[in-house]
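S.K.: This is the structure I have questions about; it appears just below.
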Amino acid sequence: MILTLAQTLSTASPQGGGALRRGTCPGLSAPMPTGDGLLARLLPIGTIPLDAFRALCAAAREHGNGIIEITARGSIQVRGLSAASAVRFAAAIAKLDIAASDTIQVLSNPLAGLDPEEILDASEIAAALRRALAKTPLPRHLAPKVSVIVDGGGAPGLGRLVADVRLGAGRSNDQVVFHIGVAGDQTTAMSLGVVALDHAIEAVLHLLDVIARSGHAARARDLVAADAGDAFRAAIADFLMSDALPPGVQKSSEPVGSYPLRDGTFACGFGLAFGHATAASLEELTGAAAAQGAAGLRTAPGRALLILGLAHHAAASMAAVAERLGFVVHADDARRSVFACAGAPICSSAHIAARTMAPRVAEIAASRLGTDFDIHISGCAKGCAHSKQAGLTIVGTANGCAMIANGRPGGVPFATIATDELPEAIARFANASRRNGSEEDGQENSRESSQETDHV
């Protein structure tokens, strides 16, 4: 179900019920306490008019501390609100008529409906699923962070995002179908099979019902661990196709870059360094987009914004403005491979200033960072900034910085060091990792050479 923010606020109860009732998700009507005040989050659906986004930024400056975040899943977060200013901020946003979701998180490709190469417009399927969910009691019985992904095969793809249920569009025997999986990202999700386009929404509802019947805190991963997915397969057995082709190659998930659109214009994607920016810099970026004739913007998973409707020459001009303002304009920027939570003192749970440390960490490890090596800096053991394994994870503890290789914040550290010793330790680890990678590549090349000789 889709409501404007004004409708969402009018249906929310003072206790955080109604449309934005979902406990641990800090919505506009129920912001979450943090170390720097209250945090409010909204997940916009579709294109945000430039004027509306500039007004949102102005409201963040007036009522919060002027820091805006785009999350890994494309939500907007505003920080530094007080109990009184949060109400005023919500009222200001309600006037902007920005569409937002009021049910469980259903994500579609950020350029859905605009990408000329997509298999289908995933936003239409996502909207239909939200409407179907609104007619059921399921949202009241699912854990707050249960999510569904609908990937229409366009760019940027959603392959990196973890979801409880995921639909991936494909073509089989001259028809559009959905490959359906649970409990993971594109690589790790358990595949359940293929369903016809007309059965996709009903199949998802059946899978969500299985999760809901397992308890309010249940997630798809719990059920997969319990019975290897048998309950999920049984729930959609009647919908599965027997003669479908395997899935094709998915589009890149990287939102930073330039993308051609159906109407001949371009979308320009810019990353927020470490997921945050000042409201003032975002206002300036949006003003420059308006001056270049942009039609609007969309948030994107991967902590990014996509400016829409630019002429080819304007895209280059926008990139120059974005770079001057400190945004990430190149996909291989080292900052894209460092994940950091807000950290201390912004987060009351954090032991280290993760976000403050991140630029220096990216600088130290820049030559090593990339698709095969990333760093996660977590203020505490919760690991909010990055749900996946990282090449190096740094966790703030009462005893210093715990360093975990190829793991997550809950893993076993190979060392715990003082914060002031961290730069040198990171440099040593990155260099050792580079050497080990080179040795492994050499061994692999040697094996391949040997195999080729054997075949001669």
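S.K.: Show me 163-170, 314-321, 377-384 ranked by packing, highest mean number of other Cβ atoms within 10 Å first. Before the final figure, lay out the partial values.
M.R.: On the way: 163-170: 26.2, 314-321: 18.0, 377-384: 22.4.
Highest to lowest by the protection proxy: 163-170, 377-384, 314-321.
S.K.: Suppose each label sits 7 Å from its Cα in the direction of the beta carbon; what would the residue 398-residue 95 distance come out to in nanometres?
M.R.: Each label point is offset 7 Å from its Cα along the Cβ direction, giving 4.8 nm.
S.K.: I'd like the trypsin sites (Lys or Arg not before Pro) in the stretch 26-75 restricted to DSSP loop residues with at most 16 other Cβ atoms within 10 Å, sorted by number. Don't skip to the end; give the middle numbers.
M.R.: Values: sites: 41, 54, 61, 73; in loops: 73.
Here no loop site has a sparse enough neighbourhood.
S.K.: Under a straight-distance cross-link criterion of Cα-Cα below 13 Å, which aspartates and glutamates are reachable from residue 251, leaving out those fewer than 8 residues away in the same chain?
M.R.: Within reach: 115, 117, 118, 151.
S.K.: I've got another one for you. Just the number, please: carbon plus sulfur as a percent of the accessible area of the chain, 1.4 Å probe, no ligands or DNA/RNA counted.
M.R.: Carbon and sulfur together cover 52 percent of it.
S.K.: So which lysines can residue 382 reach, going by Cα to Cα under 23 Å and dropping same-chain residues fewer than 8 places off?
M.R.: Of all the lysines, those that pass the test against residue 382 - Cα under 23 Å, at least 8 places apart if same chain - are 145.
S.K.: Another question, if that's okay. Given Cα pairs under 8 Å that are at least 6 residues apart, what percent is the relative contact order of the chain?
M.R.: Details: 976 pairs, mean separation 56.0, N = 456.
With pairs under 8 Å counted, the relative contact order is 12 percent.
S.K.: Take residue 124, project a point 7 Å from its Cα along the Cβ direction, then tell me which residues of the stretch 151-170 have their backbone nitrogen under 20 Å from it.
M.R.: Under 20 Å, as judged by backbone N against the label point of residue 124, lie 151-158, 167-170 of the stretch 151-170.
S.K.: In addition: If you take every residue apart from residue 115 with its C-beta less than 15 Å away from the C-beta of residue 115, what net charge results, scoring Lys and Arg +1 and Asp and Glu -1? Before the final figure, lay out each step's value.
M.R.: Details: positive: 251, 262, 298; negative: 117, 118, 121, 124, 151, 254, 263.
Within the 15 Å Cβ shell, the charges total -4.
S.K.: Work out, step by step, the length gained on full extension between residue 117 and residue 62: first 0.36 nm times the residue separation, then minus their alpha carbon distance; give nm to one decimal. Numbers along the way, then the final one.
M.R.: Working: separation 55, 0.36 × 55 = 19.80 nm, distance 4.11 nm.
Additional length available on full extension: 15.7 nm.
S.K.: Run the simple label-point estimate for residue 136 and residue 32 please: 7 Å along Cα→C-beta, distance reported in nm.
M.R.: Inter-label distance under the simple model: 2.5 nm.
S.K.: Cβ under 11 Å from residue 325's Cβ, residue 325 left aside: what net charge do those residues give with Lys, Arg +1 and Asp, Glu -1? Don't skip to the end; give the middle numbers.
M.R.: Details: positive: 324; negative: 283, 284, 323.
Computed value for this residue: -2.
S.K.: Roughly how many Å² is the accessible area per residue of the chain, as a whole number, for a 1.4 Å probe? Can you show the working numbers first?
M.R.: Numbers: 19860 Å² over 456 residues.
For the chain, the solvent-accessible area averages 44 Å² per residue.
S.K.: Let me spell out the model: positive unit charges on the Cβ of Lys and Arg, negative unit charges on the Cβ of Asp and Glu, origin at the Cα centre of the chain. What dipole size does that give, in debye rounded to 20?
M.R.: Details: 38 positive and 43 negative charges, 343 e Å.
About 1640 debye.
S.K.: What FRET efficiency comes out for the pair residue 51/residue 145, r = Cβ-Cβ distance, R0 = 30 Å, nearest 0.05?
M.R.: Working: r = 32 Å, r/R0 = 1.07.
Between residue 51 and residue 145 the formula returns 0.40.
S.K.: Hey, another quick one. Can you list the HN-Hα couplings for the stretch 175-181, worked out from phi with the Karplus curve (6.51, -1.76, 1.60; θ = phi - 60°), rounded to whole Hz and with x for Gly and Pro?
M.R.: Whole-Hz 3J(HN,Hα) from phi for the stretch 175-181: 9, 7, 10, 10, 7, 10, x.
S.K.: I'd like the FRET efficiency for residue 222 and residue 249, computed as 1/(1 + (r/R0)^6) with the beta carbon distance as r and R0 of 41 Å, rounded to 0.05. Walk me through the numbers on the way to the answer.
M.R.: Numbers: r = 31 Å, r/R0 = 0.74.
The value I calculate is 0.85.
S.K.: Filter the chain for me: DSSP H helices, axial length by Cα at least 24 angstrom, mean Kyte-Doolittle hydropathy not below -0.5. List them by residue number. Please report the intermediate quantities before stating the final value.
M.R.: Details: long enough: 422-455 (49 Å, -1.63).
Result, helices passing both filters: zero.
S.K.: Work through the residues other than residue 169 whose Cβ is under 13 Å from its Cβ and net out their charges, Lys, Arg +1 and Asp, Glu -1.
M.R.: On the way: positive: 166, 171, 251; negative: 115, 117, 118, 121, 124, 151.
Here the count lands on -3.
S.K.: Oh, and also: Using a 7 Å offset from the Cα along the Cα-to-Cβ direction at both residue 313 and residue 412, what is the distance between the two label points in nm, to one decimal?
M.R.: A separation of 6.2 nm, rounded to one decimal place.
The values are calculated or read from the model by the stated rules, or taken from the named source; none is laboratory data. Remember, it's a predicted structure, so these values are computed and weren't measured experimentally. Don't worry about glycine lacking a Cβ; one is built from the backbone with ideal geometry, like all the others, and counts go over all protein chains shown. Note: accessible area is taken over every heavy atom of the protein model, side chains too, but ligands, DNA and RNA are not part of it. Shrake-Rupley method; radii C 1.70, N 1.55, O 1.52, S 1.80 Å.
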